[in-house]
Amino acid sequence: MVQYIESKTLKESLESFDPQTSLNEQFEELAKYFLYGGYIHVKSENIDRRIFIKEVEFYFYDETGKIESNNKVYHRNGKYSNIPDNDVLPIGRNTHYFKPGSLYLHASGVDITFENKENKFRASALIRAFSVEEKGHLQPIYIKRNQNVIVDPRSTYIYEYMFEGLSIFGGNKYSINWIDEWKEAPKQITKKERINIGDEKKWRFIWT
């Protein structure tokens with residue numbers, strides 16, 4: 001085990017992502033941040049919750065077609081080609097670009113996105129598995145993995161822990177923030193092929 005000490009924050013790392021260099025190396029470096037470099041803090045009047053990412057999958061799509069990518073990315077131009085051009089719609093032929101760190105909810109769970117309008121690319125980290133700590137106590141949500149740490153691999157269940165209690169009538173004292181906090185980690189990170197994608201890219205990284 002080693003203690004990662006990084007000079008950048010997760011925000012800075014996402015903002016400096018450069019698809020012109022090795023995607024494999026950059027995704028592996030970013031995985032260290034997501035798995036061992038901090039947590040998502042959900043805070044409201046009644047909630048004080050930490051969500052730790054335990055498995056993350058990366059996706060990339062180049063809108064120019066100059067860099068190899070596939071069409072499995074949810075938030076991109078042409079995902080739903082039957083929708084007319086519209087700058088307002090979040091999906092369609094002319095899909096707007098998110099700022100780095102924006103959350104995008106879809107059928108597979110929640111993406112943490114890091115897109116770039118100037119360079120015309122989409123990139124995201126899908127939270128595949130996670131654990132939850134509520135006021136210092138782990139939540140009994142699904143399975144145990146390594147030293148009895150409780151992990152939920154059902155990616156869409158994160159909705160319940162991330163957005164619980166938000167009101168449609170406003171007045172929400174609610175925040176969702178990434179907190180940088182490095183922890184001890186293995187020398188080599190575990191990586192595997194992504195789920196239900198069908199290629200050999202090992203862009204799924206697993207906490208151990």
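Give the number of residues within the stretch 118-169 that are more than 13 Å from Phe52 (Cβ to Cβ), assigned to a strand (DSSP E or B) and at pLDDT below 85. So the count comes out to 3. In the stretch 54-94, of all residues being within 23 Å of the chain's Cα centre (by Cα) and basic (Lys, Arg), the one that is modelled with the lowest pLDDT corresponds to Lys79. For first residues located in the stretch 41-69 and closer than 23 Å to Asp152 by Cα, partners that are of a type in the set (D, E, K, R) and not in a strand (DSSP E or B) and lie 6+ apart or on another chain with Cβ distances below 6 Å form the pairs Ser44/Lys173; Asp48/Lys135; Glu57/Arg194.
Residue pairs whose Cβ atoms lie under 6 Å apart, separated by 6 or more positions or on different chains, with the first residue in the stretch 183-208 and within 22 Å of Ala107 (Cα to Cα) and the second surrounded by 10 or more Cβ atoms within 10 Å (Cβ to Cβ) and hydroxyl-bearing (Ser, Thr, Tyr), are Ile206/Thr190. If the condition is being of a type in the set (D, E, K, R) and exposed (fewer than 13 other Cβ atoms within 10 Å of the Cβ), then the stretch 170-189 contributes Lys173, Glu181, Glu184, Lys187.
A search for C-beta distances below 9 Å between a residue of the stretch 155-174 that is free of Cβ contacts under 8 Å to residues at least 40 places away in the same chain and any residue that is of a type in the set (Phe, Trp, Tyr), counting only pairs 6+ apart in sequence or on different chains, returns Tyr157/Phe130; Tyr157/Tyr142; Phe163/Tyr174; Leu166/Tyr174; Ser167/Tyr174.
Looking across the stretch 1-60, the residues that are in a loop (DSSP other than H, G, I, E, B) and charged (D, E, K, R) come down to Glu6, Lys8, Asp18, Glu45. Summed over the stretch 197-208, residues that are over 18 Å from Ala123 (Cα atoms) and either within 17 Å of the chain's Cα centre (by Cα) or outside any loop (DSSP other than H, G, I, E, B) (or both) total 2.
So, of the residues in the stretch 48-75 that are of a type in the set (A, V, I, L, M) and over 21 Å from Met162 (Cα atoms), which turns out to be surrounded by the most Cβ atoms within 10 Å (Cβ to Cβ)?
Across the stretch 48-75, the extreme among qualifying residues is Val73.
Among the residues making up the stretch 181-191, those that are touching a Phe, Trp or Tyr at 6+ places or on another chain (Cβ under 8 Å) and either of a type in the set (Val, Ile, Thr) or farther than 18 Å from Ala123 by Cβ (or both) are Glu181, Trp182, Lys183, Glu184, Ala185, Ile189, Thr190.
The values are calculated or read from the model by the stated rules, or taken from the named source; none is laboratory data. Note that this is a predicted model, so its numbers are computed, not measured. FYI the Cβ positions are ideal-geometry reconstructions off the backbone, even for glycines, and counts take in every protein chain you see.
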